[in-house]
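Notes for the one structure printed next.
The values are calculated or read from the model by the stated rules, or taken from the named source; none is laboratory data. Since we're looking at a predicted model, the values are computed, not measured. Virtual Cβ from ideal backbone geometry, glycine too; neighbours counted across all protein chains shown.
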Amino acid sequence: MGMVTIGAYDFPPADRIENYGGDINLYCCWEHHLLVPCPAAYRLPPDITLRDFLEQMFKPDHDHHPEMKLLDYAKLRWTLDSKPWQPALDKSLRDNGVTHMSYLSFYQPGLDGIAGSGV
Amino acid sequence: MAVKKASLKEKYRLMTRGLDWETTYQPMDKVFPYDKYEGIKIKDWDKWEDPFRLTMDAYWKYQAEKERKLYAILDSFSQNNGQLNLSDARYLTAIKLWMQGITPLEYAAHRGFSHVGRQFRGAGARVACQMQALDELRHAQTQMHAFSHYNKYFSGFHQANHMRDRAWYLSIPKSFFEDAMTAGPFEFVTSISFAFEYVLTNLLFMPFVSGAAYNGDVATTTFGFSAQSDESRHMTLGLEVVKFVLEQHEDNVPIMQRYIDKWFWRGYRLLALVGTMMDYMLPKKVMSWAEAWGVYWEENGLALFNDLSRYGIRLPKYHEIATKEKLHITHQAWMVFYTACPATAFHAWLPQPYEMDWLSEKYGETFDRFYRPRFEKFGDLEKAGKRFYTNRLPLVCQTCQIPDFFTEVDNPMKQAVRHSEWRGMKFNFCSDGCKDIFVNEPEKFCQAYIPPQQIYQGNAGGARTLAEYAAWLRCGMGTESGDYYSSDDYANWLKWHGERDTTPSSSAAAQP
């Protein structure tokens, strides 16, 4: 259903990619690890590899977590926008099909947080 | 010559509907251009029942009397150093959140009701909205006066306007009202008068005012009493609006149902912040969020919708999700405040042992299984001198603008997130309720001012991290922001009461 308005009503999205100077906005979540209580937002160049993103940005944000040292890239089950997804770690975000405002999440079976509580 | 005095009823008629007329120089549709485009059909505005037959002169008289009483008590509170009788200075986090988040909504409501008070072509509805517009302005002012005493002694009260247009957590209430104010007049009154003031108001008013009374805050309690008779008038307006519109034409039912679905969900999401106040910010607890939801929604709310079913209105969409979430959302929201308080103009803290026990008692296994382990982990980090603060911006829901701390209702370990695409662009949401609202009006919600996105686009003074953003908010660690137990507010509170710091976590509350 379209919006009911008193006249023409057409405005560009506030967060369109043109406002990011060549970068994209990306969200990433480590499932069952809610000590950082929300998925995190990143502004990134689309040609960074997924591995570099994980090593340089994502992991330092979670270095307080005791299960971080058990993280094994080979065992991760990924989703892109909540659909199952098989990324190539050494390819760029762009070549992996990750676009502006994409939501990535990964889960490693067996790692369910402190005392299995999801944190 | 004897002057005949009008009866009250006659006086009311003369001074409200008697002042109205059918325009002849201009067509009525041009004089009232906004009250038809939503598709709501009104056959007879005279069927509008005025629940409170209040005339303007009587209104001034009542309000002036209430003001006199209120200000006498506020003066006495201030002269007697009433701030020292609070249960604990932690309590003021709730009042800071009120001052920053709710008081500006009172002013926004004043603007909104002034607007619709001009735009309805029925005089009865116009008068009711006009009086509510004045109430709301009065509430904004009297709240500021009631809280101004605290500004002399505590941080975080002095720049509500600066914060309102910048702070991430204040974009939640701000965007809520801006959504309502930019809607048509019928949607506005359904959202604010019905969904918020009628259906959900007890969940807002009860915890704030009872919470104030329990925690020794005479200033705020007195404001609450002073606003009470206004609030009951607003609630009655809310119910009258809905019944009147539904009785006017059957075509109105699906439109009103959509408004009720949307604004129940939006109001419920906004109340997550209030629930957090009840469970975490009040040192002396009134009742838990789960208990309040049980009484005010699961009992009273469901009974109300039972009554409305004869108009063809069903329960709001996703109400059952809200009920399932009652055991989780306040704990999840407090985690966000605890970890992000370097960028808030109020303090957060780990619950004290007596509060952990209270939470266990009220939330049972939910708390002990999922949330106690987080607090214990944070407590260990504090003891090790590594108080945990997040330095990363979160995913924020495109609709409600709440950082997405929500989990799936059937699995509290799994992050909840929903997605939609519109004109080739991706949008993300916290819930099906918020996604549906977006899908109905993507043209509107695509323009939302989402704080993390604005920060990353360089529109927050060039800040890229939470710390740089806090500086742009003019929030300083230890003054406005950060952990309570390393704040000036706490140090002063101890000094004024001649006490020493005995909280184990305090000495370890390090800077980020």
| message | Take the conditions of a type in the set (A, V, I, L, M, F, W, C), loosely packed, with under 14 Cβ neighbours inside 10 Å and closer than 23 Å to B:Phe244 by Cα and apply them to B:Leu8. Does it pass? | response | no
| remark: Residue count, segment A:81-101, condition in contact with a strand residue (DSSP E or B) (Cβ under 6 Å, 6 or more places away or on another chain) and either in contact (Cβ under 8 Å) with a residue 60 or more places away in the chain or not in a loop (DSSP other than H, G, I, E, B) (or both), comes to 4
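Which of the helices (runs of 4 or more DSSP H) found entirely inside segment B:445-498 contain at least 2 residues meeting this: within 14 Å of chain A (Cβ to nearest Cβ)? Reasoning before the result, please.
On the way: elements: B:451-456, B:466-472, B:488-496.
Those helices (runs of 4 or more DSSP H) span B:451-456, B:466-472.
Being of a type in the set (Val, Ile, Thr) and more than 9 Å from chain B (Cβ to nearest Cβ) is the filter here; which residues of segment A:1-29 pass it?
Of all residues in segment A:1-29, those of a type in the set (Val, Ile, Thr) come to A:4-6, A:17, A:24.
Result: A:Ile24, single match.
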| Matching helices (runs of 4 or more DSSP H) fully within segment B:1-105 where at least 3 residues are within 30 Å of B:Glu480 (Cβ to Cβ) | B:56-79, B:92-97
| request: Pairs only if they're at least six apart or on different chains, beta carbon under 6 angstrom, first in segment B:397-423 and more than 8 Å from chain A (Cβ to nearest Cβ) and surrounded by fewer than 24 Cβ atoms within 10 Å (Cβ to Cβ), second assigned to a loop (DSSP other than H, G, I, E, B) and among the small types (Gly, Ala, Ser); list them, first residue then second. | output: B:Glu408/B:Ala416
| query | Is it fair to say B:Arg392 is more than 10 Å from chain A (Cβ to nearest Cβ), of a type in the set (Lys, Arg) and closer than 25 Å to B:Leu350 by Cβ? | reply | no
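Here's the yes/no breakdown for (1) more than 15 Å from B:Phe32 (Cβ to Cβ); (2) buried (at least 19 other Cβ atoms within 10 Å of the Cβ):
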| residue | (1), (2) |
| --- | --- |
| B:Asn85 | yes, no |
| B:Ala89 | yes, yes |
| B:Met99 | yes, yes |
| B:Ala108 | yes, yes |
| B:Arg111 | yes, no |
| B:Arg118 | no, no |
| said: Quick check on my filter: what residues within segment B:200-251 are modelled with pLDDT under 90, aliphatic (A, V, I, L, M) and within 18 Å of B:Leu271 (Cα to Cα)? | reply: B:Leu200, B:Leu203, B:Leu204, B:Met206, B:Val209, B:Met235
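Counting just the residues of segment B:361-389 that are facing chain A (nearest Cβ under 9 Å) and of a type in the set (Lys, Arg), which one comes out surrounded by the most Cβ atoms within 10 Å (Cβ to Cβ)? First the steps, then the outcome.
From segment B:361-389, those facing chain A (nearest Cβ under 9 Å) are B:369-374, B:376-378, B:381, B:386, B:388; that's our starting set.
Retained after the next criterion (residues that are of a type in the set (Lys, Arg)): B:369, B:372, B:374, B:377, B:386.
On the way: B:Arg369: 16, B:Arg372: 19, B:Arg374: 25, B:Lys377: 20, B:Lys386: 14.
So, considering only residues that are facing chain A (nearest Cβ under 9 Å) and of a type in the set (Lys, Arg), the one surrounded by the most Cβ atoms within 10 Å (Cβ to Cβ) is B:Arg374.
Criterion first (at pLDDT below 95, touching a helix residue (DSSP H, G or I) at 6+ places or on another chain (Cβ under 8 Å) and among the small types (Gly, Ala, Ser)) does B:Gly301 satisfy it?
Working: at pLDDT below 95: yes; touching a helix residue (DSSP H, G or I) at 6+ places or on another chain (Cβ under 8 Å): yes; among the small types (Gly, Ala, Ser): yes.
For B:Gly301, the condition - at pLDDT below 95, touching a helix residue (DSSP H, G or I) at 6+ places or on another chain (Cβ under 8 Å) and among the small types (Gly, Ala, Ser) - is met.
Of the residues that sit in segment A:83-117 and are among the hydroxyl-bearing types (Ser, Thr, Tyr), under 29 Å from B:Phe378 (Cα atoms) and at pLDDT 95 or above, which one is surrounded by the most Cβ atoms within 10 Å (Cβ to Cβ)?
First, the residues of segment A:83-117 that are among the hydroxyl-bearing types (Ser, Thr, Tyr): A:92, A:99, A:102-103, A:105, A:107, A:117.
Filter once more, so that each one left must be under 29 Å from B:Phe378 (Cα atoms): A:103, A:105, A:107, A:117.
Those left that are additionally at pLDDT 95 or above: A:103, A:105, A:107.
Working: A:Tyr103: 23, A:Ser105: 21, A:Tyr107: 18.
My answer is A:Tyr103.
With A:His64, A:His32 as the choices, which residue is at the interface with another protein chain (Cβ under 9 Å from one of its Cβ atoms) and modelled with pLDDT of 95 or more?
On the way: A:His64 fails: modelled with pLDDT of 95 or more.
Checking each option against the conditions leaves just A:His32.
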| said: When the residues of segment A:35-61 are narrowed to those that are over 25 Å from A:Ala115 (Cβ atoms) and aromatic (Phe, Trp, Tyr), which ends up farthest from the other protein chains (Cβ to nearest Cβ)? | reply: A:Phe53
| request: Look through segment B:11-38, keep the residues that are touching a residue at least 40 places away in the same chain (Cβ under 8 Å) and of a type in the set (Val, Ile, Thr), and return whichever of them is surrounded by the fewest Cβ atoms within 10 Å (Cβ to Cβ). | output: B:Val31
